[in-house]
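Enquirer: Can you keep this structure in mind? I'll have questions shortly.
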Amino acid sequence: MPHSEWLAVETGCWLFVAGQHLTVTSPNSFLHYSSPATLHNHYNNAVLLVNTFGSATLRMVAANRNTVGEVNEQLKEQQQKTRDGEMAAQAMAKQLADAADKNTLLMATIQCMEAAVGSEALAGAKVLAMLSRPSP
């Protein structure tokens, strides 16, 4: 932290800078800098700042991890629902195709029966029509 150190030395200020990367989760894995004036005049407070920052960042990282975990869990649930929906849609499509095949078969059967019955029915109707005519 050359800029922080330069600022602290040039101004003689009490300076404390700390940073934590979101993916680092081990205790005391953050970076920090305390100016010479801070360490000289308020060493115990500087130690308290470091410890407090460490505890706070670990809690924030844990909360972020929980949030990411919850989102991942919700994503898995939605992916499973999507797979279930796709499987249901495939099953319904198969049922529809089977029904269409049965309908086609039934229609063909009905046409054959109509053709067969229609010829006989027409012949019978002609006979009945001849018999029902008045005699000359």
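The values are calculated or read from the model by the stated rules, or taken from the named source; none is laboratory data. In this text, all values refer to a predicted model and were calculated from it rather than measured experimentally. Note: ideal-geometry Cβ built from the backbone for every residue, glycine included; neighbour counts use all protein chains shown. To get the accessible areas, we keep the full protein, side chains included, count just its heavy atoms, and leave off ligands, DNA and RNA. Shrake-Rupley method; radii C 1.70, N 1.55, O 1.52, S 1.80 Å.
Enquirer: Could you please find all residues in the stretch 29-65 being in a helix (DSSP H, G or I), touching a residue at least 24 places away in the same chain (Cβ under 8 Å), open to solvent by 50 Å² or more (accessible area, probe 1.4 Å) and not basic (Lys, Arg)? Even if it seems obvious, please write down each step before you answer.
Expert: We begin by selecting, within the stretch 29-65, every residue in a helix (DSSP H, G or I); these are 36-41, 43-65.
If we keep only those that are touching a residue at least 24 places away in the same chain (Cβ under 8 Å) as well, we get 36-38, 41, 46, 49-50, 53-54, 57-58, 60-62, 64-65.
Subsequent filtering for residues that are open to solvent by 50 Å² or more (accessible area, probe 1.4 Å) retains 36, 41, 49, 53, 58, 60, 64-65.
Result: PRO36, ASN41, LEU49, PHE53, LEU58, MET60, ASN64.
So that you can scan it fast, the table gives a plain yes or no per residue for (1) among the small types (Gly, Ala, Ser); (2) modelled with pLDDT under 80:
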{"site": "GLN78", "(1), (2)": "no, no"}
{"site": "LYS81", "(1), (2)": "no, no"}
{"site": "ALA89", "(1), (2)": "yes, no"}
{"site": "ALA99", "(1), (2)": "yes, no"}
{"site": "THR109", "(1), (2)": "no, yes"}
{"site": "GLY124", "(1), (2)": "yes, yes"}
{"site": "LEU131", "(1), (2)": "no, yes"}
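Enquirer: Mind checking whether some residue in the stretch 66-81 is under 30 Å from LEU15 (Cα atoms), open to solvent by less than 100 Å² (accessible area, probe 1.4 Å) and free of Cβ contacts under 8 Å to residues at least 12 places away in the same chain? First the steps, then the outcome.
Expert: Within the stretch 66-81, the subset under 30 Å from LEU15 (Cα atoms) is none.
Looking for residues that are under 30 Å from LEU15 (Cα atoms), open to solvent by less than 100 Å² (accessible area, probe 1.4 Å) and free of Cβ contacts under 8 Å to residues at least 12 places away in the same chain, one finds none in the stretch 66-81, hence no.
Enquirer: Based on this model, can you work out whether ALA46 counts as under 30 Å from ALA18 (Cβ atoms), at pLDDT 80 or above and touching a Phe, Trp or Tyr at 6+ places or on another chain (Cβ under 8 Å)? Can you show your working first?
Expert: Details: under 30 Å from ALA18 (Cβ atoms): yes; at pLDDT 80 or above: yes; touching a Phe, Trp or Tyr at 6+ places or on another chain (Cβ under 8 Å): yes.
When the stated conditions are applied, ALA46 passes them.
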